[in-house]
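Right, one structure below, let's go through it.
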Amino acid sequence: MLIEALAKRYEAQIAESEATIEIYLDHSVGIGEHPQHLDEMDKLFEKIVNAKEKLEILEEWREE
């Protein structure tokens, strides 16, 4: 049960980050003046990588 909850948390973090990146790429006008677009997108990619790594570890635990 706890492992499933963690997996859903990480999946949600990935989905949230991907959605935000899409907004940056497709609707940059709605963001307004924000000089750190690259920095913000880099942080979002870090969140995705981190969450995916955690999901991989959870999968390894499930297989044991």
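Values quoted throughout were computed directly from the atomic coordinates according to the rules given, and no laboratory measurement underlies them. Since the model is a prediction, treat every value here as computed from it, not as a measurement. Heads up, the Cβs are rebuilt from the backbone with ideal geometry, glycines too, and the neighbour counts pull from every protein chain shown.
For the reader, a short list of remarks on this structure follows.
- Look at the alpha carbon pairs under 8 Å that are at least 6 residues apart: their mean separation over the length of segment 2-63 gives a relative contact order of 54 percent.
- Cross-link partners of Lys43 among aspartates and glutamates, defined as those whose alpha carbon lies under 19 angstrom from its own and excluding same-chain residues fewer than eight positions apart: Glu11, Glu16, Glu18, Glu22, Asp26, Glu33, Glu53.
- Per principal axis, descending, Cα span of segment 2-63 in whole Å: 46, 16, 15
- Helix 2-26 vs. the chain, principal-axis angle (Cα, 0 to 90°, nearest 10): 20 degrees
- Label sites at Glu4 and Lys52, each approximated as a point 7 angstrom past Cα along Cα to Cβ, lie 2.6 nm apart.
- The angle separating the long axis of helix 37-63 from the principal Cα axis of greatest extent in the chain is about 10 degrees.
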